[in-house]
Amino acid sequence: MHVGGSLLWQAEVSPSGNSTGHIGVGVDEAWQDGSILFYNLTPEGNRGTTLVANQREGANSAGVFLQGDAVIADVWQARASIRYDNVWYISENRTEPALNDDQSFTHWTPRVTLGRAIGRQNIYASIAGGLESPAFNEIDPPAPYDTLTSLNPFLGPTFSTTYEIGIRGRAAKGLDYDVAGYWIDVTDDLVPFDGGSYFETAGKVRRQGIEGSLDWKAADHWSFLLTGSVAMNEYVEYVNDRGDFSGNRMAPLPDWFGSGTAEFRITPTLKLNGGIEAVGSLFADDANTQEVDGWVTGNIGADWTRLIGGTTMHIFGLVQNVADKAHTSSVFINGSDGRYIEPGLPRNLVVGLTLGW
């Protein structure tokens, strides 16, 4: 079961003749509740008769926020907000012993952004707080605490502070760009262990980098999009019973990433496209002993759209991993028994049809 709702009140304000703005107040509420009923599996793969788990899991997220924005002298833009969150978990165990438990987290999160337009460019800077609460599949207690409680007593919310400065705009006709630098300090970042069966927290984490994009409409028929980022993501303070990982690279984040796409419109309804994606090497574990090589993949495709009567028909085809390169699809952080990567698909064809009315 999942129910919720939100309410927002907003008004326009004009403190002076050369400035306009808005102020708003809102609340939101969401409740999710459900039951878990697990039995053992027989050697044949069927449901057995031994009850493994029978419990109720519920979570409530409530928040209230105040926000405002203003445009001053048609060149300055300012935005500020503050939000209060209250997240509550409940677990009711219907087996013996009944390990019922509940937890709640609260936090104030501010955000301030200031920008200025200079011709066709816009420069901005922002400071923002962040809050991320564990999902229910992340708060199972590891042994031996699973015999004492049904919620992990060591997990709490993840707090972050993000500093960002950037510039975006138009460099020339048909050429748009966006460049930003960021610095994120994170406290109690969630990290999986034992193959993702359980989660713990890394005391302090830092993510910093530069990212950008270039969008070029070269002509009536050609368009190109380039995106890329370079980053340094590290554990600043992270010590547990498996070791001291302070100073190590964060798993599984690469140091760099890039992609490029090109599109050629043959007719107003038919276009060809292609793309390439490159990912730098990364680590799959906190100790930085399981390194995953970077990879490059490409794809080509075609799209055709046609209006037939009152129906829009869209047909597309895409050849993925054109060069049939070995690459990684996903990484299991701190995997068990030496299993920590899932290979990506070889060269494959995707064909689809979409109808709209």
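Quick note: the coordinates plus some simple rules give every number you see, no bench work behind them. Computed from a prediction, not measured in an experiment: that's the story for all the values here. Here the Cβ positions follow ideal geometry from the backbone for every residue, glycine too, while neighbour counts run over all protein chains shown.
If we count every other residue with Cβ under 14 angstrom of GLY5's Cβ, Lys/Arg +1 and Asp/Glu -1, where does the sum land?
On the way: positive: none; negative: ASP28, GLU29.
Result for the local shell: -2.
Provide the FRET efficiency to the nearest 0.05 for the ASN100-ALA62 pair, computing r from the beta carbons and using R0 = 22 Å.
Details: r = 22 Å, r/R0 = 0.99.
Approximately 0.50, to the nearest 0.05.
When a/c is below 1.5 the answer is rounded, else prolate if a/b is larger than b/c, else oblate, so apply that to the stretch 230-281 with a ≥ b ≥ c taken from the square roots of the Cα gyration tensor eigenvalues. Before the final figure, lay out the partial values.
Working: a/c = 6.00, a/b = 4.94, b/c = 1.22.
Judged from the Cα gyration tensor, the stretch 230-281 comes out prolate (a/c at least 1.5, a/b above b/c).
Can you pull out the GluC sites (Glu not before Pro) in the stretch 1-109 that DSSP calls coil and that have at most 10 other Cβ atoms within 10 Å? It would help to have the intermediate numbers written out before the result.
Details: sites: GLU12, GLU29, GLU44, GLU57, GLU92; in loops: GLU44.
Counting only loop positions with at most 10 other Cβ atoms within 10 Å, the GluC sites (Glu not before Pro) in the stretch 1-109 are GLU44.
One-quarter of the Cα convex hull surface for the stretch 131-225, in nm²? All intermediate terms of the calculation are to be shown ahead of the outcome.
Numbers: hull surface 36.5 nm².
If I average the Cα hull's projected area over directions, I get 9.1 nm².
Could you give me D for the stretch 38-104, from Stokes-Einstein at 10 °C and 1.306 mPa s, where the hydrodynamic radius is the Kirkwood radius over C-alpha pairs? Units µm² s⁻¹, please.
Details: Rh = 16.7 Å.
Stokes-Einstein gives a translational diffusion coefficient of 95 µm²/s.
Taking Cα atoms of the stretch 162-306, Rg/Rh with Kirkwood Rh, to two decimals?
On the way: Rg = 20.0 Å, Rh = 18.0 Å.
Rg/Rh: 1.11.
Net charge near GLY26: determine it from the other residues with C-beta under 15 Å of the C-beta of GLY26, scoring Lys and Arg +1 and Asp and Glu -1. Don't skip to the answer; put the middle values down first.
Values: positive: ARG79, ARG83, ARG111; negative: ASP28, GLU29, ASP69, ASP85.
Surrounding charge for GLY26 is -1.
Simple spin-label model, 7 Å along Cα-to-Cβ: ALA218 to LEU41 in nm?
With each label point 7 Å from Cα toward Cβ, the separation is 5.1 nm.
Taking 8 Å as the Cα distance limit and 6 or more residues as the minimum spacing, I'd like the relative contact order of the chain as a percentage.
Working: 927 pairs, mean separation 27.6, N = 357.
That works out to 8 percent.
What's the FRET efficiency of LEU225 with LEU270 using the Cβ-Cβ distance as r and R₀ = 22 Å, to the nearest 0.05?
Numbers: r = 19 Å, r/R0 = 0.89.
Efficiency for this residue pair is about 0.65.
Once you have the Cα-Cα distance between ALA78 and VAL25, take 0.36 nm times their residue separation minus that, and quote the gain in nm to one decimal. The partial results should precede the final answer.
Working: separation 53, 0.36 × 53 = 19.08 nm, distance 1.70 nm.
Here the answer is 17.4 nm.
Based on the Kirkwood radius over alpha-carbon pairs, what value in µm²/s does the Stokes-Einstein equation return for the translational diffusion coefficient of the stretch 224-340 at 25 °C and 0.890 mPa s?
142
Do any trypsin sites (Lys or Arg not before Pro) in the stretch 85-187 lie in a DSSP loop with no more than 16 other beta carbon atoms within 10 Å, and if so, which? Don't skip to the answer; put the middle values down first.
Details: sites: ARG94, ARG111, ARG116, ARG120, ARG168, ARG170, LYS173; in loops: ARG94, ARG120, LYS173.
Taking the stretch 85-187 and a limit of 16 other Cβ atoms within 10 Å, the loop trypsin sites (Lys or Arg not before Pro) found are ARG94, ARG120, LYS173.
Would you mind counting up the charge near GLN67? Only other residues with Cβ under 10 Å from its Cβ, with Lys and Arg at +1 and Asp and Glu at -1. Write down the numbers at each step before the final one.
Numbers: positive: ARG79, ARG83, ARG111; negative: ASP69.
Charge balance in the 10 Å sphere: +2.
Semi-axes of the equivalent ellipsoid for the stretch 1-153, please: Cα gyration tensor eigenvalues, times 5, square-rooted, ordered largest first, whole Å.
49, 16, 14
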